[in-house]
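Coordinate-derived values only; no laboratory data. Please read these numbers as outputs of a predicted model, since none were measured by experiment. Reconstructed Cβ throughout: ideal geometry from the backbone, glycine too, with neighbour counts over all protein chains shown.
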Amino acid sequence: MRFYVGSDHGGIEMREQLSDLLQDMGYEVADSFGPSESGESVDYPDVAQDLCRALLKSEAEDIATLGLLVCGTGQGMAISANKIPGIRAGAVGDAFSAKMIREHNNANVICLGQRVLGSELAALILQTFIDSEFAGGRHDKRVTKIEGLAQNS
Ligand code: RB5
């Protein structure tokens, strides 16, 4: 599994913590988007766009890929990422939702809030997201309809 990770200035520490965790677990972190610890303030839609473009390119090469975006709340990243066709992003604050956005919504990006979540909970949420798989079946047509919304609205 390949990962892309990204954050704005409100999520740098959590992005770095979870990026290290992913690598410790043996996953490939192909690229990291967003500022380093310089205190530079950036706009989260720009980071979301850069990460999502890289993720979609990787998916197009048939590489199993997931994205992690962190901002203060996770919400701005999710709102931004979901504007990009092919991206299904969920802002999550609990493990059950992390499981469900994979199983039912086939999410390919998880968004977390550094100002909302403790580091242990964030790690558990990410682990649960990774360990869960899209269930397919009746959820397939619903996920296809999500993509249709972007094209037909
Ligand atoms: C940045 O201050 C903050 O607005 C951002 O990290 C995020 O919480 C937006 O949704």
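Observations on the model:
- Shape analysis of the chain places it in the prolate category; the axes a ≥ b ≥ c from the Cα gyration tensor give an a/c of at least 1.5, with a/b above b/c.
- Most fluctuating residue given options M25, M77, M100, as computed from a GNM of the chain linking Cα atoms under 10 Å: M25
- Selected from I63, I87, I125 as most flexible by GNM, with the chain as the system and alpha-carbon contacts under 10 Å: I63
- Overall form of the stretch 49-104 per C-alpha gyration tensor (a/c, 1.5; a/b vs b/c): oblate
- Under 5 Å, built H, 5+ apart or other chain: amide partners of L112: L69, V70, C71
- The residue among I12, Q127, Y27 whose Cα reaches farthest toward the positive pole of the charge dipole of the stretch 1-143, with charges on the beta-carbon of Lys, Arg, Asp and Glu, is Q127.
- Contact order relative to length of the chain, as percent, for alpha carbon pairs under 8 angstrom and 6 or more apart: 23
- Shape category assigned to the stretch 1-70 from the gyration tensor of Cα positions, a/c cut at 1.5: oblate
- Relative contact order (percent, whole number), the stretch 39-123, Cα cutoff 8 Å, 6+ residue spacing: 32
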